[in-house]
Amino acid sequence: MKRNTLRLAAVSALAAVTLGTGAGLAQASETTHARTAAAAEVTLSAADARALLANRAAVAGLNAADVQSVRAVADGTATKAQTRGAASSAVKALYNLLKRHGGKLYDDAVKAAKKGWTKFRSYMNGLPWYHPVRIAWVAAGGEVQYALWSYINSLF
């Protein structure tokens, strides 16, 4: 087997696990677009935290303290501060992954974010299912997705 074949098989297996643990993400993303980032406190559910931890590409951009707070949420032992920190860490992981893939992907994501939440969400959902950014996007959950959009808009 060629290297690319093995890589695609691994990514598709990870996608299957991620999508299986992140049930209900589409519904969560629909309900969050009405809120503003300042008014809503972003939280990360235990299922979303487990899905994020399963994505090595997203976790690679986090420091040890961030991973520890996400792991505490996944285990159900997180304090309130760790819960808020884990949501922030998830946004940071997504943003770092987006920047790491850089170039046209990052530029197009920023352009879509400037056009609004629905355009940004459509762009991110339109990425190929096997793309590492798309896998992390789905694993993150609706509130974290909206927080990422708000963060990108605050930068530009």
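Of the helices (runs of 4 or more DSSP H) contained entirely in region 77-156, those carrying at least 1 residues that are within 20 Å of Asp66 (Cα to Cα) fall at 80-101, 132-140, 142-155. Under 6 Å by Cβ, and 6 or more places apart or on different chains, what pairs join a residue from region 88-101 that is among the hydroxyl-bearing types (Ser, Thr, Tyr) with one that is crowded, with 22+ Cβ neighbours inside 10 Å? As it stands, the answer is Ser89/Ser69; Ser89/Val70, since those pairs meet every condition given. Would you check if Arg84 is of a type in the set (Lys, Arg) and either surrounded by 21 or more Cβ atoms within 10 Å (Cβ to Cβ) or farther than 18 Å from Ala147 by Cβ (or both)? No; evaluated as a whole, the condition is false for this residue. Candidates in region 38-74 are the residues that are β-branched (Val, Ile, Thr) and outside any loop (DSSP other than H, G, I, E, B); of these, the one that is nearest to the chain's Cα centre (by Cα) is Val59. Can you name the number of the only condition in (1) of a type in the set (Asp, Glu); (2) surrounded by 19 or more Cβ atoms within 10 Å (Cβ to Cβ); (3) modelled with pLDDT of 90 or more that Asp75 fails? Only one criterion in (1) of a type in the set (Asp, Glu); (2) surrounded by 19 or more Cβ atoms within 10 Å (Cβ to Cβ); (3) modelled with pLDDT of 90 or more is unmet by Asp75, namely (2).
Here's the yes/no breakdown for (1) closer than 19 Å to Glu41 by Cα; (2) open to solvent by less than 10 Å² (accessible area, probe 1.4 Å); (3) of a type in the set (Ser, Thr, Tyr):
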{"residue": "Leu53", "(1), (2), (3)": "no, no, no"}
{"residue": "Arg56", "(1), (2), (3)": "no, no, no"}
{"residue": "Gly103", "(1), (2), (3)": "no, no, no"}
{"residue": "Val110", "(1), (2), (3)": "no, no, no"}
{"residue": "Gly116", "(1), (2), (3)": "no, no, no"}
{"residue": "Met124", "(1), (2), (3)": "no, yes, no"}
{"residue": "Val144", "(1), (2), (3)": "yes, yes, no"}
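Against the conditions (1) open to solvent by 30 Å² or more (accessible area, probe 1.4 Å); (2) at pLDDT 55 or above, Ala16 satisfies every one except (2).
The values are calculated or read from the model by the stated rules, or taken from the named source; none is laboratory data. Keep in mind it's a predicted model, so treat the numbers as computed, not measured. Heads up, the Cβs are rebuilt from the backbone with ideal geometry, glycines too, and the neighbour counts pull from every protein chain shown. Quick note on the areas: whole protein, heavy atoms, side chains included, nothing else; ligands and nucleic acids left out. Shrake-Rupley method; radii C 1.70, N 1.55, O 1.52, S 1.80 Å.
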